[in-house]
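Since every read-out is calculated from the coordinates, none of them should be taken as a lab result. Keep in mind that this is a model prediction, so the values were computed, not measured. Cβ atoms come from the backbone with ideal geometry, glycine included; neighbour counts cover every protein chain shown.
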Amino acid sequence: MAQRRAAERVELASVLERFADRGVVRLSDVAQVDERELTHLLAWLSRAYEAPARDGVRRAASSDGRGEIRLVEPPEGARTTLHAPHGTLETPDYRLEVTLR
């Protein structure tokens, strides 16, 4: 169990590094993700939707508390497709900003 948690922390750190401090990124600019990136993106989207939007922005923290995620709805219902090795995900073209605390 401890090894699994350590591996998950390393994985999350890697995903945070990819997205952190890049400013606002549209999901359509990402387009291709690996399985672990998709898993964390979905978790971040889920967490962001647990909180009410303020001024059109939803906020959440990464599971380790190191990252702050800002999620902004796309204009006019824009959509995109994320490609992962095990399939595709059609989703709103959210604007995503991840910063490290």
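Ranked highest first by the average count of other Cβ atoms within 10 Å around their residues, in what order do 51-57, 34-40, 20-26 fall?
Packing proxy ranking, top to bottom: 34-40, 20-26, 51-57.
For the chain, what is the charge dipole size about the Cα centre, in debye to the nearest 20, if Lys and Arg each add +1 at the Cβ and Asp and Glu each add -1 at the Cβ?
340
In a shell of Cβ-Cβ distance under 11 Å around THR39, excluding THR39 itself, what net charge do Lys and Arg (+1) and Asp and Glu (-1) give?
Summing Lys and Arg as +1 and Asp and Glu as -1 gives -4.
Tell me what the chain gives for mean residue ellipticity at 222 nm when only DSSP H runs of n ≥ 4 count, each as -39,500 (n - 2.57), the sum divided by the residue total, rounded to 500 deg cm²/dmol.
Calculated from helices alone, the mean residue ellipticity at 222 nm is -12000 deg cm²/dmol.
Quick one: work out the % antiparallel among DSSP beta bridges in the chain, nearest 5.
90
Kindly identify the chain as rounded, prolate or oblate by the Cα gyration tensor criterion: order the square roots of the eigenvalues as a ≥ b ≥ c, call it rounded if a/c is under 1.5, otherwise compare a/b with b/c, prolate if a/b is larger, else oblate.
It is oblate, given that a/c is not under 1.5 and a/b is not larger than b/c.
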